[in-house]
Amino acid sequence: MRRAHLVWSSMTLALLAGGCNLSSRTVIAEFAGPAVMDVTGTLAGSTAIGRAEVDLNQVAVYRNTKSGLQAVSDFALLGSIKNNGLTIVRPEFYVTADSTAFTNAAFVRANGVPLWGPIDIVPGGSVALDWNKSAALVGPRGREVIARETAGDGRFTIYALGVVTGTSYNFTVQDFRAVLILETDP
């Protein structure tokens, strides 16, 4: 144990003596959204959309590091999605700046920015959204909105919608969380 401590101390001193400054630290900010979001729709339009009003100011890690925020280095949506319907569902998520309360998918798509997805889920199937799977589905425009709002007031709204692949869709998002990797002052 003592040897490991000496090796770590020696490496740290060597880096600092060599002119290598530690310019940031990495923290994880996790916002827990609704425990359950039921999302349904038909060819005629959505009947229920999922909505999570995100206020990062409610997250202690964000509050404590916001003044030194340098960047959002990564972002993912975590939780699980279950297809309750009889056809393949294609869930997707949109984001809007600030707090919004849109009530139908057409209005969200017209005024929001694509954030995540879509992903195909077979009838009766479930998908667990782990970090790697979810982070890969986040689009560049959505990342820009998340980064801008995180650097700003920390408030944005995430919507869960479905793409109709048959005549309707019906899925449930459970244990929804928005997780951000933040680079801050050391």
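Residue 162 meets each of the listed conditions (1) within 21 Å of residue 36 (Cα to Cα); (2) modelled with pLDDT of 95 or more apart from (2). For segment 72-82, the condition of being surrounded by fewer than 18 Cβ atoms within 10 Å (Cβ to Cβ), on the phi > 0 side of the Ramachandran plot and in contact (Cβ under 8 Å) with a residue 12 or more places away in the chain holds for none of the residues.
Among the residues of segment 126-136, is any at pLDDT below 95, assigned to a loop (DSSP other than H, G, I, E, B), among the aliphatic types (A, V, I, L, M) and surrounded by fewer than 21 Cβ atoms within 10 Å (Cβ to Cβ)? No, segment 126-136 has no match at all. Among the conditions (1) in a strand (DSSP E or B); (2) under 14 Å from residue 41 (Cβ atoms); (3) among the basic types (Lys, Arg), residue 109 misses just one, which is (1).
Within segment 130-158, residues that are closer than 20 Å to residue 59 by Cα sit with their Cβ atoms under 9 Å from residues that are aromatic (Phe, Trp, Tyr) and assigned to a helix (DSSP H, G or I), at 6+ positions apart or across chains, in these pairs: 150/62; 154/62.
Listed conditions (1) part of a strand (DSSP E or B); (2) touching a Gly at 6+ places or on another chain (Cβ under 8 Å); (3) farther than 22 Å from residue 174 by Cβ are all met by residue 71, apart from (2). For residue 175, indicate whether it is charged (D, E, K, R) and without any contact (Cβ under 8 Å) to a residue 60 or more places away in the chain. Judged against the criteria, residue 175 is not a match.
Counting only residues that are over 16 Å from residue 40 (Cα atoms) and small (Gly, Ala, Ser), how many does segment 147-172 have? Final tally of qualifying residues: 4. Go through segment 139-173 and give me each residue that's of a type in the set (S, T, N, Q) and surrounded by fewer than 16 Cβ atoms within 10 Å (Cβ to Cβ). Residues satisfying the conditions are 165, 167.
Looking at this structure, is residue 147 under 30 Å from residue 71 (Cβ atoms) and not in a loop (DSSP other than H, G, I, E, B)? So residue 147 passes the test. Scanning segment 87-106 for residues that are among the charged types (D, E, K, R) and assigned to a loop (DSSP other than H, G, I, E, B) yields one hit, 98.
Which members of segment 14-29 meet the condition of being at pLDDT 70 or above and out of contact with any helix residue (DSSP H, G or I) (no Cβ under 8 Å at 6 or more places or on another chain)?
Across segment 14-29, the qualifying residues are 23, 24, 25, 26.
The values are calculated or read from the model by the stated rules, or taken from the named source; none is laboratory data. What you see is a predicted model; the values in this text were computed from it and never measured. Counting neighbours? That spans all protein chains shown, and the Cβs are built from the backbone with ideal geometry, glycine included.
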